[in-house]
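First up is the structure itself, then whatever we jot down about it.
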Amino acid sequence: QPNLIDRILIFARTTPAQKTAIVDQLINKSYYVGMCGDGTNDCGALKAAHVGLALSEAEASVVAPFTSQRKTISDVPTLLKEGRCALATSFGAFQYMILYPVVQLFCVLILYGIGSILGDLQYLYADLALTLPLGIFMCYAKPWSKLEKRVPPSSLWNIRTITSIIFEIGLVISFTLIAYQLLLQQSWFVNLPSAHEGELIVSCFENTALFLFVNFQYITTSIAFSSGKPFRESFLYNKIYLFTIVFGWSFS
């Protein structure tokens, strides 16, 4: 009975159809339902649940999204940690992919305003040698060793995600403008040479300085969205990602 489902802790001697009905009733009450099973009679419930963990390599493993290699429910906490890590990492990668073009766009807008432009090799380096590896390898993070009570946001459209993006955009714009103004105040700075009408110059102080500065912003923005616990290990334990950061800093 639907009105009794919240009061029952243990269900015994249930048929396959009853197992599926129990899972459906819990889902209808807005619970997030996980199901573990090791036989054919569990297939319906494994498929109906939000998360199904098969404890065998028989029929149950065909319909369940996950299979326990140790054939024990002790893998449930591991599955939860992996799932939370994957969700937090996906959100972090999404935020980075939003911020990366914003960083580049603002740099290009400043250069266009003074009659300059990034060169083809600069675009290739930024896109292929720097931001693409950062975006890929930041997703190699492993889950935090402890299962916390907190859970990651279930939707991209939440206050924390939107606020962090807006705040990071403000930082990018502010520090880019500060870097540009500091460049103009240097004693060795030479103004952009005059060019023919409609021509954009690549080789100038402004171009070089802003290009190198935004390269650092690509890296720091990636680090900002690679936060560690409570869902992921620190990026310092992600060796290939750390190597990419060192590479970017060294060649930028």
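The values are calculated or read from the model by the stated rules, or taken from the named source; none is laboratory data. All figures in this text were calculated on a predicted structure; none of them were measured in a lab. As a convention, Cβ positions derive from the backbone with ideal geometry for all residues, glycine included, and neighbour counts pool all protein chains shown. Areas reflect the complete protein model, heavy atoms only, side chains present, ligands, DNA and RNA absent. Shrake-Rupley method; radii C 1.70, N 1.55, O 1.52, S 1.80 Å.
Put 249, 144 in order of accessible area, largest first, 1.4 Å probe: what do you get?
Values: 249 115, 144 65 Å².
Accessible-area ranking of 249, 144, largest first: 249, 144.
Here semi-axes √(5λ) of the Cα gyration tensor in Å was calculated from the structure, and among [x] 35, 21, 16; [y] 53, 18, 15; [z] 24, 22, 18 it sits at label [y]. Extension gain for residue 187 to residue 114 (0.36 nm times residue separation, less C-alpha to C-alpha distance): 24.3 nm.
Please sort by residue number the chymotrypsin sites (Phe, Trp or Tyr not before Pro) in the range 146-189 whose DSSP state is loop and whose Cβ has at most 13 other Cβ atoms within 10 Å. Here the chymotrypsin sites (Phe, Trp or Tyr not before Pro) that fit, given the DSSP loop and packing criteria, are 157, 188, 189. Residues whose amide H falls under 5 Å from that of residue 67, counting only those 5 or more places apart or on a different chain, are 54, with hydrogens built in the peptide plane.
Scanning residues 5 or more positions from residue 116 or on other chains, those with amide H under 5 Å from its amide H are 201, with H placed 1.01 Å from N in the peptide plane. In a DSSP loop and with at most 12 other Cβ atoms within 10 Å, the trypsin sites (Lys or Arg not before Pro) in the range 143-232 are 146, 149, 150. For the peptides 68-78, 38-48, residues were scored by their other Cβ atoms within 10 Å and the scores averaged per peptide; the highest-first order is 38-48, 68-78. Taken along the Cα-to-beta-carbon direction at a fixed 7 Å, the label points for residue 227 and residue 8 span 4.1 nm. Dividing the summed -39500 (n - 2.57) terms of all DSSP H runs of n ≥ 4 by the residue count of the chain sets its mean residue ellipticity at 222 nm at -17000 deg cm²/dmol. Here the gap between residue 40 and residue 160, fully extended at 0.36 nm per residue and compared with their Cα-Cα distance, gives a gain of 38.9 nm.
Based on the alpha-carbon gyration tensor of the range 1-90 and its eigenvalue square roots a ≥ b ≥ c, which shape applies: rounded if a/c is under 1.5, prolate if not and a/b is larger than b/c, or oblate? Oblate. Multiplying the residue separation of residue 208 and residue 242 by 0.36 nm and subtracting their alpha-carbon distance yields 9.7 nm. With R₀ fixed at 25 Å, the C-beta to C-beta distance from residue 177 to residue 127 puts the FRET efficiency at about 0.60.
Accessible surface area normalised per residue over the chain is 60 Å², counting heavy atoms of protein chains with a 1.4 Å rolling probe. Specify whether the C-alpha gyration tensor of the range 175-252 places it in the rounded, prolate or oblate class, a ≥ b ≥ c being the square roots of the eigenvalues: rounded for a/c under 1.5, otherwise prolate if a/b is larger than b/c and oblate if not. Taking the square roots of the gyration eigenvalues as a ≥ b ≥ c, the range 175-252 is prolate.
Give 81/229; 149/229; 19/81; 19/71; 81/239; 29/146 a once-over and call out the pairs whose C-alpha atoms are over 22 Å from each other. Violating the 22 Å Cα-Cα cut-off are 19/81; 29/146. For the range 134-224, carbon and sulfur atoms together expose 65% of the accessible surface, with a 1.4 angstrom probe and every protein chain in place.
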